[in-house]
Amino acid sequence: MESLKELYRIGVGPSSSHTMGPKLALKDFFSRYPGIRSIRAELFGSLAATGKGHLTDKALRDEAECNNVEINIIWRPEVFKPFHPNALTFSSQDNEICATYYSVGGGKIVREEDKDKKEASVYPEKLVGNMKRLLSYADNEGLQLWEVALRFEGDEILSYMKEVWTVMKDAIRRGLDNEGVLPGVLKLPRKASAVHERAENSSAAGKSLLSHAYALAVSEENAAGGEIVTAPTCGSAGVLPGALYYVMNEYDISEKKILRALLTAGMVGNIVKANGSISGAEVGCQGEIGVACAMAGAAVVQVLGGSIYQVEYASEMGLEHHLGLTCDPLKGLVQIPCIERNGFAAMRAVDHALYALVGDGRHKISFDDVVEVMMETGHALPSLYRETSMGGLARIYGV
């Protein structure tokens, strides 16, 4: 498994796969081939189908402008590369230089020549991509999951988690302050501020809406191109901070424990990255919102004193209850249904955690089983339900 720094990426929205990834790919291309003054960028599959709504072209043009390079963007939504639906090829105008990249989710990019290479791992092979082995290791060593992360990544990972949490909190606070209409043709009004005010002034039962409001705040900031943290993606960036900010205030949790919870959540997300997918274009929104809910449930159990087995149970529920979730954003924007999904997933994560804490962690379906089923389900979904704007809500409201 890669470092948690690769999972939690600090950057600007609205999409980790369609905005952050392509920008990083072009930046890498320029670093390898300096001196180019004019290039062609061909976008394929999902990247081309919903790229305009995700501001892919703006991200590429901004990066090209920073390097004083002219860029011609060509959209090929009907062409799907076999390795991954999010593919892009850069070439010089005379075709002497050509390179293909894949944006595989969470802001991560893979070069064509590296697609068969194993990812660099900071964790032992016996822990890679498997919750069962991770739990066994933690149990044998008497460790919590966050302590496993700390053992193999060192104290500096806690420093990075502090930076991550600061960005998450800032996004919540900005999102609660900002009002008005989000950018884009949908003219969608922000709701986080209003939901927060209603929740603050409601009965005890309505207080749980605060987690929803916090998640909305981050998700709306992401939709507006604000700074957020992929957790595990931009499109699902509100779930984890929404749930954690809520329990921090509700249960008076210290920041030190929040940082540890981020490590625990990160271990859950890393398992899915290593053994599944967090790309909406590959497996649908179950790989984004579902994984985010699993991570958030694990984090909440951690801060409320649960065992590693209760952590696993909350994670399993978070992913299981989102199986089959399609990725069909209207107009390709990370707004409808994405923003509301963040809010509801944050609330569900808290519910999953509280439910897991009622028992002793024993349950029938394992987290590893659900990751496997998520991949089967995602690959069985027709491509029109995987971030192509050809099916579901996106088809009804047109592209």
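The values are calculated or read from the model by the stated rules, or taken from the named source; none is laboratory data. Being a predicted model, the structure only gives us computed values, none of them experimental. Cβ: placed from backbone, ideal geometry, glycine included. Neighbour counts: every protein chain shown. Heavy atoms of the whole protein, side chains included, go into the accessibility calculation; ligands, DNA and RNA do not. Shrake-Rupley method; radii C 1.70, N 1.55, O 1.52, S 1.80 Å.
In the chain, once you exclude exposed GluC sites (Glu not before Pro) (DSSP loop, at most 16 other Cβ within 10 angstrom), what's the longest stretch remaining?
Working: sites that count: GLU2, GLU78, GLU96, GLU119, GLU179.
My reading of the result: 180-399 is the longest stretch.
With only alpha-carbon atoms counted, please give the Rg and Dmax of the stretch 245-344, in Å.
Over the stretch 245-344's Cα set, Rg and Dmax evaluate to 14.2, 43 Å.
Gap in Å between the Cα centre of the stretch 249-295 and the Cα centre of the stretch 170-185?
Cα centres, the stretch 170-185 to the stretch 249-295: 23 Å.
Counting only the heavy atoms of the protein chains, how much of ILE339 is accessible to a 1.4 Å probe, in Å² to the nearest 10?
Only protein atoms counted, so the area is about 10 Å².
Please build a GNM for the chain, connecting alpha carbons under 10 Å apart, and tell me which residue among LEU186, LEU158, LEU88 fluctuates the most.
Among LEU186, LEU158, LEU88, the largest GNM mean-square fluctuation belongs to LEU186.
For LYS58 paired with ARG198, estimate the spin-label separation in nm (one decimal), with each label point 7 Å from Cα along the Cα-to-Cβ line.
In this crude spin-label approximation the distance works out to 2.8 nm.
Please calculate how many Å² of accessible area the chain carries per residue, with a 1.4 Å probe and no DNA, RNA or ligand atoms counted. Spell out each step's value before the answer.
On the way: 15940 Å² over 399 residues.
Accessible area per residue, the chain: 40 Å².
Rounded to the nearest 5, what % of DSSP beta bridges with both residues in the chain are antiparallel? Present the calculation step by step, with values, prior to reporting the outcome.
On the way: 20 of 28 bridges.
That works out to approximately 70 percent antiparallel.
With r defined as the distance between the Cβ atoms of LYS364 and SER136 and R0 fixed at 25 Å, what FRET efficiency is calculated, to the nearest 0.05? Don't jump to the answer; show the numbers that get you there.
On the way: r = 19 Å, r/R0 = 0.75.
Calculated value: 0.85.
Determine the order of ASP62, ASP94 by accessible area, beginning with the largest, at a probe radius of 1.4 Å. Can you show the working numbers first?
Working: ASP62 55, ASP94 95 Å².
From most accessible down to least: ASP94, ASP62.
What fraction, in whole percent, of alpha-carbon pairs in the stretch 285-371 exceed 16 Å separation?
I get 48 percent for the Cα pairs in the stretch 285-371 exceeding 16 Å.
When the accessible area of the stretch 98-207 is split by element with a 1.4 Å probe, what percent falls to carbon and sulfur?
Values: 2850 of 5910 Å².
It is 48 percent, rounded to a whole number.
Carbon-plus-sulfur fraction of the accessible area of the stretch 8-64, 1.4 Å probe, in percent?
Working: 990 of 1890 Å².
Carbon plus sulfur share of accessible area: 52 percent.
Could you rank LEU357, LEU135 by how accessible they are, 1.4 Å probe, largest area first?
Working: LEU357 50, LEU135 15 Å².
Listed by decreasing accessible area, they come as LEU357, LEU135.
Express in Å², to the nearest 10, the accessible area of PHE83 obtained by rolling a 1.4 Å probe over the protein heavy atoms while all chains stay in place.
80
Return the Cα extents of the stretch 195-304 along principal axes one, two and three, sorted largest first, each rounded to a whole Å.
Here the Cα extents, ordered largest to smallest, are 42, 30, 24 Å.
How far is helix 156-177 tilted off the main Cα axis of the chain, in degrees rounded to 10, range 0 to 90?
80
Accessible area, 1.4 Å probe, largest first: how do LYS207, LYS191 sort?
Solvent-accessible surface, decreasing: LYS191, LYS207.
Label ASP252 and GLU147 with points 7 Å out from Cα along Cα→Cβ: what is the distance between them in nm?
2.6
What does the accessible area of VAL79 come to, in Å² to the nearest 10, when a probe of 1.4 Å is used?
That residue has around 50 Å² of solvent-accessible surface.
Please give the contour-minus-distance gain from ILE97 to GLU119: 0.36 nm per residue of separation, less the Cα-Cα distance, rounded to one decimal in nm. Display every interim value, and only then the final one.
Numbers: separation 22, 0.36 × 22 = 7.92 nm, distance 2.57 nm.
That pair, ILE97 and GLU119, stretches by 5.3 nm at full extension.
What does the charge add up to near HIS352, with Lys and Arg as +1, Asp and Glu as -1, over the other residues with Cβ less than 14 Å from its Cβ?
-3
So what's the back-of-envelope 222 nm ellipticity for the chain, counting only DSSP H runs of four-plus at -39500 (n - 2.57) apiece and dividing by all residues, rounded to 500? Numbers along the way, then the final one.
Numbers: 17 runs with 204 residues, N = 399.
Mean residue ellipticity at 222 nm (helix-derived): -16000 deg cm²/dmol.
Counting only DSSP beta bridges with both residues in the stretch 1-137, what percent are antiparallel, rounded to the nearest 5? Intermediate results must be reported in sequence, preceding the final value.
Working: 16 of 23 bridges.
Here the share of antiparallel DSSP bridges comes out near 70 percent.
Using only alpha carbon positions, build the gyration tensor of the stretch 113-225, then give the equivalent ellipsoid semi-axes as the square roots of 5 times its eigenvalues, largest first, whole angstrom. Write down the numbers at each step before the final one.
Details: eigenvalues 287, 87, 37 Å².
Values for the stretch 113-225, descending: 38, 21, 14 Å.
Go through the cysteines of the chain and tell me which have no other cysteine Cβ under 4.7 Å away.
CYS66, CYS98, CYS234, CYS293, CYS338
Which of the pairs LYS162/LYS187; LYS126/LYS256; LYS58/LYS187 have their Cα atoms more than 31 Å apart in this structure?
Working: LYS162/LYS187 35 Å; LYS126/LYS256 29 Å; LYS58/LYS187 19 Å.
Listed pairs above 31 Å: LYS162/LYS187.
Which value in Å does the Kirkwood hydrodynamic radius of the chain take, with 1/r averaged over all unlike C-alpha pairs and then inverted? Walk me through the numbers before you get to the answer.
On the way: mean 1/r = 0.0478 Å⁻¹.
Over the chain, the inverse of the mean reciprocal pair distance is 20.9 Å.
If each of LYS126 and PHE83 carries a label point 7 Å out from its Cα toward its Cβ, how far apart are those two points in nm?
3.3
In whole angstrom, how far apart do the alpha carbon centroids of the stretch 31-55 and the stretch 354-391 sit?
So the two Cα centres are separated by 31 Å.
Using a Gaussian network for the chain with springs between C-alpha atoms less than 10 Å apart, which of these wobbles most: GLY142, GLY297, GLY11?
GLY142
Taking the square root of 5 times each eigenvalue of the Cα gyration tensor, what semi-axes in Å does the equivalent ellipsoid of the stretch 79-172 have, largest first?
Working: eigenvalues 253, 79, 29 Å².
In descending order, the three semi-axes are 36, 20, 12 Å.
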